[in-house]
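Reviewing the structure listed below.
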Amino acid sequence: MLHILFVFSLTLAVTSTQVLAQDFCVADLASGIVTPSGYPCKMETNLTSDDFAFSGLGLAGNTSNIISAAVTPAFVAQYPGVNGLGISAARLDLAPGGVVPMHTHPGATELLYVVHGHITAGFISSANNVYLKTLNKGDVMIFPQGLLHFQINAAGRRPSLAIVTFNSPNPGLQILDFALFANDLPSSLLEKSTFLDDAQVKKLKGVLGGTG
């Protein structure tokens, strides 16, 4: 009986040690290996507190671009400490009139928190219902995983700032406009599938760098 209890206690101790060893998995970005489950783990003996902190969201993004907006990510590629933890974040800067065009995150649901300014945001459900809201300082809005959504500084008076979080260390991103007009998909096929005429398709391809 004592022998059985000893073996049982030893098993619990080993199991406990194994659980503790899996408290986190800081990404070994230098490995060059990435799978759907994430990156391999760095050895815990090589970790420091800096692996669990990120300072990039304190800096304003450069909004001098075609969309007058900037997204500063704190995804696993920038913040390896979130690897395997099911969470990440980003900073969204919107200049007056700035827009994050219609896009999706295939791998995550997004929660947006307005730090200051006014942001008009919305998403479209798979039933083609539109959920639209103008958000003010302190407001939050959720964008379900995989659904098309957007954010606009529609007020156009001063910059707006938001912090967004995701339930994945690597949410993924596909911007609809770029998916359609920033590649070599033939214009004739785009015209058929979007109901746009040839001049409109070629104009959008010219603006976004597409060919064909």
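The values are calculated or read from the model by the stated rules, or taken from the named source; none is laboratory data. None of the values given here were measured: they were computed from a predicted structure. For neighbour counting, all protein chains shown are included, and Cβ atoms are generated from backbone atoms with ideal geometry for every residue, glycine included. Ligands, DNA and RNA are stripped out before the accessible areas are found, and what is left, the full protein with its side chains, is counted by its heavy atoms. Shrake-Rupley method; radii C 1.70, N 1.55, O 1.52, S 1.80 Å.
Evaluated against (1) outside any strand (DSSP E or B); (2) in contact (Cβ under 8 Å) with a residue 24 or more places away in the chain; (3) open to solvent by 30 Å² or more (accessible area, probe 1.4 Å), ASN65 falls short on exactly one condition, (2). The residue list ALA179, ALA199 contains one member that is modelled with pLDDT of 90 or more and farther than 30 Å from THR35 by Cβ, which is ALA199. Flag not set for ASN167, criterion: touching a Gly at 6+ places or on another chain (Cβ under 6 Å) and over 13 Å from HIS105 (Cα atoms). Could you check how many residues of segment 22-80 are within 15 Å of LEU161 (Cα to Cα) and in contact with a helix residue (DSSP H, G or I) (Cβ under 7 Å, 6 or more places away or on another chain)? Within segment 22-80, residues that are within 15 Å of LEU161 (Cα to Cα) and in contact with a helix residue (DSSP H, G or I) (Cβ under 7 Å, 6 or more places away or on another chain) number 1.
Do we find that PRO73 is closer than 15 Å to ILE175 by Cβ, open to solvent by 20 Å² or more (accessible area, probe 1.4 Å), in contact with a strand residue (DSSP E or B) (Cβ under 9 Å, 6 or more places away or on another chain) and part of a loop (DSSP other than H, G, I, E, B) in this structure?
Details: closer than 15 Å to ILE175 by Cβ: yes; open to solvent by 20 Å² or more (accessible area, probe 1.4 Å): yes; in contact with a strand residue (DSSP E or B) (Cβ under 9 Å, 6 or more places away or on another chain): yes; part of a loop (DSSP other than H, G, I, E, B): no.
It is false that PRO73 is closer than 15 Å to ILE175 by Cβ, open to solvent by 20 Å² or more (accessible area, probe 1.4 Å), in contact with a strand residue (DSSP E or B) (Cβ under 9 Å, 6 or more places away or on another chain) and part of a loop (DSSP other than H, G, I, E, B).
In this structure, ALA60 does satisfy being in a loop (DSSP other than H, G, I, E, B), surrounded by fewer than 16 Cβ atoms within 10 Å (Cβ to Cβ) and either of a type in the set (A, V, I, L, M) or in contact with a strand residue (DSSP E or B) (Cβ under 6 Å, 6 or more places away or on another chain) (or both).
Let's see how each residue does on (1) open to solvent by less than 60 Å² (accessible area, probe 1.4 Å); (2) free of Cβ contacts under 8 Å to residues at least 60 places away in the same chain; (3) part of a helix (DSSP H, G or I):
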| site | (1), (2), (3) |
| --- | --- |
| ALA179 | yes, yes, yes |
| ASP184 | no, yes, no |
| GLU191 | yes, yes, yes |
| LYS203 | no, yes, yes |
| THR211 | no, yes, no |
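Just name the residue that is farthest from LEU29 (Cα to Cα) out of those in segment 68-92 that are of a type in the set (Val, Ile, Thr) and touching a residue at least 24 places away in the same chain (Cβ under 8 Å). Checking each candidate, the answer is VAL71. As a summary of the residue check, SER160 satisfies the conditions (1) crowded, with 16+ Cβ neighbours inside 10 Å; (2) in contact with a Pro (Cβ under 9 Å, 6 or more places away or on another chain); (3) within 26 Å of GLY81 (Cβ to Cβ) except for the one numbered (3). Within segment 76-108, the set of residues being under 23 Å from PHE181 (Cα atoms), touching a Gly at 6+ places or on another chain (Cβ under 6 Å) and open to solvent by 40 Å² or more (accessible area, probe 1.4 Å) comprises GLY97, PRO106.
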